[in-house]
Amino acid sequence: MKIRIYSLIFFILLCTACGGLDEETFSNLSDANFYNTEEDAIAAVNAVYIPLTGLPGSLIRATELPTEIATTRLPDAPPGSLDSHRTSDIVLVDAINSVWQICFTGIFRANVVLNRVPDIEMEELTRNRILGEARFLRALYYSYLVRMFSDVPLVEEEITNFSSADDIAALQVPRDPSEAIYDLIFEDLSFAEVNLLNKSETELGRASSESATALLAKIRLDRKEYALAAGKALEVIDSGAYSLVENYADLWNSSGNTEEGIFEIQYGNFPNFPNPATFDTAPSSVQGAIAGTGNSAVVSEYQFFLSFSDGDLRAEPTFLLEAGGTPFVDFEVPTPHFKKFLTLDEIPGKNFPIIRYADILLVAAEALNETQGPDNAYEYVNQVRSRAGLSTLAGLTQEQFADSVFVERRKELCAEGHGWFDSVRFGNLAETVQASSDFNEQFLIDNPDTPLWLEPRGVVPSDPLSTIFPVPNFQIVTNPSLLPQNDGY
């Protein structure tokens, strides 16, 4: 369903990127004094980036906690509550509702730009670049919604008097078929590919043409359109615009924007707007090496930590095993914590990578294996493994290679918001969570006095969470037009 209602958006523009996206505060705006100049258009598209800054915490809760990668223990999540297949759990329910609201807020803001900017006098290339940014961001927001919830409202026009995503409820907008959403995503990204600047010309923090191509590769992969996914991934690789940083640890020992970053949510220069993933992964009661404390909302399953081999150079930058002299067994939640986004005193904040080059190398490896077998795919996965200090793969069957790519994605990209999407694509969520649960149960039997936080998690192989999330109940209560609920919920 398309909505065509016009009005002014009232917003506060926050900083979203070093260099290119400047902080400006606007008040008392009206149709008469805004959307008139090129500067107004840039300010409007800057606002489309803003909802992303609230996304990482909810995203990693929604996409890592249902898997064997992570667990949680919060005051409102009593023991047993993070059974990954109980979607009434407050932690998971809050996360998926937040993703829904954040993404629709971004979509609404993008639609304002796409409606207003064409009428502003400016150089055509600049106008198309601004429209390309808005369409890239709309596609990114919709890519999370459609992959998590399938059918969602298709909103292509400006919404009247909106201040937040809650305003869609008043419109009683029904859901549209997922294929219609994908059609819009592909249309938007195709426009963005052509009209965005390439990486070398793009201001830090803004989407580039290569960002659009990389997002297309990832979405095609999740749809199992392997030939298309491989083609787009190879376009990014062959562009020469990106490379792996030499040391994996260097990704996390800086604010971000390395040669590996394809698109990142910007926090590094703006300590007053911290990365929510920092708080959600930091220990809840330890200070010292960490600037502040967190809430241990997303912490590593012990078996996942143990799955890293001794020679894997990614282990040390990934896991926090002590803080301020306190070992992890004495943390309030005694299990290894994720270290990637923890801010040290000398680093005020860390960006959150939406897409990085290692991800695209693994997309290429997986897609090429599915279409041609592993022979032409080894070079891409082996680049990632070599950087990690691991031996290269060779002599695998197609199935063995696919399994290896799954494991590589787990260890390379954990706590970055990919876990659930990968599990759905590989069809192994129940299997991997059950194995983790069995490990925890046996470990507790063998070590009854352990201080570690381990808990068995019941698994139903046919559980709908293996393929789709429920539409958030809060959204249905305020907008019954979203019914019927997804199957199984």
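The values are calculated or read from the model by the stated rules, or taken from the named source; none is laboratory data. Since this is a predicted model, take the numbers as computed values, not measurements. FYI the Cβ positions are ideal-geometry reconstructions off the backbone, even for glycines, and counts take in every protein chain you see.
Kindly establish whether Phe328 is farther than 30 Å from Tyr49 by Cα and crowded, with 24+ Cβ neighbours inside 10 Å.
Details: farther than 30 Å from Tyr49 by Cα: yes; crowded, with 24+ Cβ neighbours inside 10 Å: yes.
Taking the combined requirement at face value, the residue satisfies it.
If I ask for residues that are in contact with a Lys or Arg (Cβ under 9 Å, 6 or more places away or on another chain) and either at pLDDT below 95 or over 15 Å from Val245 (Cα atoms) (or both), which ones from segment 353-363 would you list?
Those that are in contact with a Lys or Arg (Cβ under 9 Å, 6 or more places away or on another chain) and either at pLDDT below 95 or over 15 Å from Val245 (Cα atoms) (or both): Leu362, Val363.
List every residue pair whose Cβ atoms lie under 6 Å apart, where the two residues are 6 or more positions apart in sequence or sit on different chains, the first residue falls within segment 293-314 and is on the phi > 0 side of the Ramachandran plot, and the second residue, located anywhere, is at pLDDT 95 or above and not hydroxyl-bearing (Ser, Thr, Tyr).
Matching pairs, first to second residue: none at all.
Please note which helices (runs of 4 or more DSSP H) are completely contained in segment 166-257 and include at least 3 residues that are modelled with pLDDT under 95 and more than 21 Å from the chain's Cα centre (by Cα).
Details: elements: 167-171, 178-195, 209-222, 226-238.
Here the list reads 167-171.
For segment 109-124, how many residues meet the condition of being assigned to a helix (DSSP H, G or I) and in contact with a helix residue (DSSP H, G or I) (Cβ under 8 Å, 6 or more places away or on another chain)? Spell out how you get there, then give the answer.
Within segment 109-124, the first condition is being assigned to a helix (DSSP H, G or I), and the residues that meet it are 109-119, 124.
With the extra rule that they be in contact with a helix residue (DSSP H, G or I) (Cβ under 8 Å, 6 or more places away or on another chain), the set shrinks to 109-114, 116-118.
So the count comes out to 9.
Residues that are within 26 Å of the chain's Cα centre (by Cα), of a type in the set (Val, Ile, Thr), surrounded by 20 or more Cβ atoms within 10 Å (Cβ to Cβ) and over 25 Å from Leu215 (Cα atoms): does segment 452-465 have at least one?
Scanning segment 452-465 turns up at least one residue that is within 26 Å of the chain's Cα centre (by Cα), of a type in the set (Val, Ile, Thr), surrounded by 20 or more Cβ atoms within 10 Å (Cβ to Cβ) and over 25 Å from Leu215 (Cα atoms).
Working only within segment 108-136, note down all residues that are of a type in the set (A, V, I, L, M, F, W, C) and crowded, with 24+ Cβ neighbours inside 10 Å. Give the derivation first.
Residues of segment 108-136 that are of a type in the set (A, V, I, L, M, F, W, C), as a first pass: 108, 110, 112-114, 117, 120, 122, 125, 130-131, 134, 136.
Correct list: Phe108, Ala110, Val112, Val113, Ile130, Ala134, Phe136.
Determine, yes or no, whether Asp40 is of a type in the set (Asp, Glu), surrounded by fewer than 20 Cβ atoms within 10 Å (Cβ to Cβ) and either on the phi > 0 side of the Ramachandran plot or modelled with pLDDT of 95 or more (or both). Lay out the reasoning, then the answer.
Numbers: of a type in the set (Asp, Glu): yes; surrounded by fewer than 20 Cβ atoms within 10 Å (Cβ to Cβ): yes; either on the phi > 0 side of the Ramachandran plot or modelled with pLDDT of 95 or more (or both): yes.
When the stated conditions are applied, Asp40 passes them.
Listed residues Glu322, Glu332, Glu316, Glu346; which is among the charged types (D, E, K, R) and modelled with pLDDT of 95 or more?
Working: Glu322 fails: modelled with pLDDT of 95 or more; Glu332 fails: modelled with pLDDT of 95 or more; Glu346 fails: modelled with pLDDT of 95 or more.
The conditions single out Glu316.
Could you check segment 475-485 and list, in sequence order, the residues that are buried (at least 16 other Cβ atoms within 10 Å of the Cβ) and hydrophobic (A, V, I, L, M, F, W, C)?
Within segment 475-485, Ile476, Leu482 qualify.
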